[in-house]
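The values are calculated or read from the model by the stated rules, or taken from the named source; none is laboratory data. Here the structure is a predicted model, which is why all the values come from computation and not from measurement. Every residue, glycine among them, receives a Cβ derived from its backbone with ideal geometry; neighbour counts consider all protein chains shown.
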Amino acid sequence: MKLILKNIKQLVSCSDENGFVPLDRICTPLSSNNTIVIEDGEIKRIGKDIEESADRTLDCSNYIVTPGFVESHSHLVFSGSRADEFLMRASGVPYKEIAKSGGGIKKSVRQTREVSFERLFEESKERLKKFLKKGVTSIEIKSGYGLDRDTEIKQLKVIKELKKSFPVEIRSTFLGAHEIPEEFKDKRDYYIKFLKEEMIPYVAQEKLADFIDVFCEKGVFTKDESLDILEKGIEYGLKARVHADEIENSGGSSVARMVKAKSVDHFNYPDEKDLIFLKENKTVITLLPATNFFLKLKGRPPIEKMRETGNIISISTDFNPGSSPCYSILFAATVGMVNYGLNYDELIYGITINPAFSLDLDKKGSIDEKKDADLLLFKRDDYKDLFYFTGDDQPDIVILKGEIVDFGKF
């Protein structure tokens, strides 16, 4: 199918020849062109006032056009609800206290272990549909609510089935090191050995994951344990991502530096001396402002220092049933402006080309010739309105691989 978008009111290309835009090289994301020619799912031509025949032509004089959003940190495959904890946290109960009483990740583990593959798939598919409606055309999904062989594999196989049956681009991450499960609480060395000697080889052999992740935080996995697990994953061909320094400095940023991680996430209390090495390694710092918002965390990523250093940032929802039950990547970005001091240009690059780079999606994240035609059309005056008018967060038209999405078919 050949589709032409003409008379585009504002073309937000987010284009960069390097495939990412660091904080010291932020520039306008706008293009002066007003026409996009799409054929066979790909952007064929971009220019001004191109006139040629097509199967369908859209007059975009009332629309701004952006790349499809890229969600690079989600925990979408789970079962159950933690709505009771949401109220507890809002009432002032600390996250760690909830976790100690059997809530938090452990509660989601119990609920996810109990559910069938079929139900878990259907629940996850509905969540993925909601992300697509909000403009997310590429997404990373983690395991980590199993913490045993059968359930971790069940989660990863659900993700694999979503990849086959749903048109959104999906990358899978093995997060067996999300927490020490209850049955191993007094035998953590055995659990780490289980991850390294049994789970990682199997996951890699069966091609169930693209990445490996670990939650490096006090009370979860230590710096040395995190490094040990990630290095084993890398040995088996998985690329590293790191949950780092969310609640306090736990050495996570240093772990990310040592393994040359693709992404280091949360980053509220990092070692600032690691920033220059993360820049040299082209490690993307994934900010999760919605999580800080919901947990009322006081820590903040060192944005000014990151600007000075020239680090690459992305912004994600951290969608999960506990600390960030948030489907809206635009809401997460707006919180990043309000609480972190990010500007409009940093926000738009942070939900498009930069997270695509962290996921090795070189045909996603910007509007360029020969890239996939994943595009969003919004009836807005300016792209800044996407972040300014909070709550108005759904595109009017979603184009996925060159096809206008009909949500009635899902």
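Could we say that residue 276 is over 28 Å from residue 202 (Cα atoms), part of a strand (DSSP E or B), at pLDDT 95 or above and not charged (D, E, K, R) here? In short, no.
Scan the stretch 231-271 residue by residue and report those that are of a type in the set (Phe, Trp, Tyr), out of contact with any strand residue (DSSP E or B) (no Cβ under 6 Å at 6 or more places or on another chain) and closer than 16 Å to residue 217 by Cα. Residue satisfying the conditions is 269 alone. When each of 113, 119 is tested for being in contact with a Ser or Thr (Cβ under 6 Å, 6 or more places away or on another chain), outside the structural domain of residue 397 (by TED's automatic domain parsing) and over 30 Å from residue 376 (Cα atoms), the lone residue that passes is 113. Out of curiosity, is residue 300 of a type in the set (Lys, Arg), part of a helix (DSSP H, G or I) and either under 16 Å from residue 241 (Cβ atoms) or modelled with pLDDT of 95 or more (or both)? For residue 300, the condition - of a type in the set (Lys, Arg), part of a helix (DSSP H, G or I) and either under 16 Å from residue 241 (Cβ atoms) or modelled with pLDDT of 95 or more (or both) - is not met. Does the stretch 126-139 contain any residue that is within 21 Å of the chain's Cα centre (by Cα), over 24 Å from residue 333 (Cβ atoms), of a type in the set (Phe, Trp, Tyr) and assigned to a helix (DSSP H, G or I)? For the stretch 126-139, residues within 21 Å of the chain's Cα centre (by Cα), over 24 Å from residue 333 (Cβ atoms), of a type in the set (Phe, Trp, Tyr) and assigned to a helix (DSSP H, G or I): absent. Checking each residue in the stretch 23-44 for being closer than 16 Å to residue 399 by Cα and among the charged types (D, E, K, R) picks out 39, 40, 42, 44.
One line per residue, one yes/no per condition, for (1) surrounded by fewer than 22 Cβ atoms within 10 Å (Cβ to Cβ); (2) at pLDDT 95 or above:
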residue: 73; (1), (2): no, yes
residue: 79; (1), (2): yes, yes
residue: 91; (1), (2): yes, no
residue: 94; (1), (2): yes, no
residue: 100; (1), (2): yes, no
residue: 106; (1), (2): yes, no
residue: 110; (1), (2): yes, yes
residue: 118; (1), (2): yes, yes
residue: 123; (1), (2): yes, yes
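When the stretch 13-69 is limited to residues that are within 12 Å of residue 369 (Cα to Cα) and basic (Lys, Arg), the one that is surrounded by the most Cβ atoms within 10 Å (Cβ to Cβ) turns out to be 44.
None of 164, 196 is under 30 Å from residue 362 (Cβ atoms), modelled with pLDDT of 95 or more and either over 20 Å from the mean Cα position of the chain (by Cα) or exposed (fewer than 14 other Cβ atoms within 10 Å of the Cβ) (or both) except 164.
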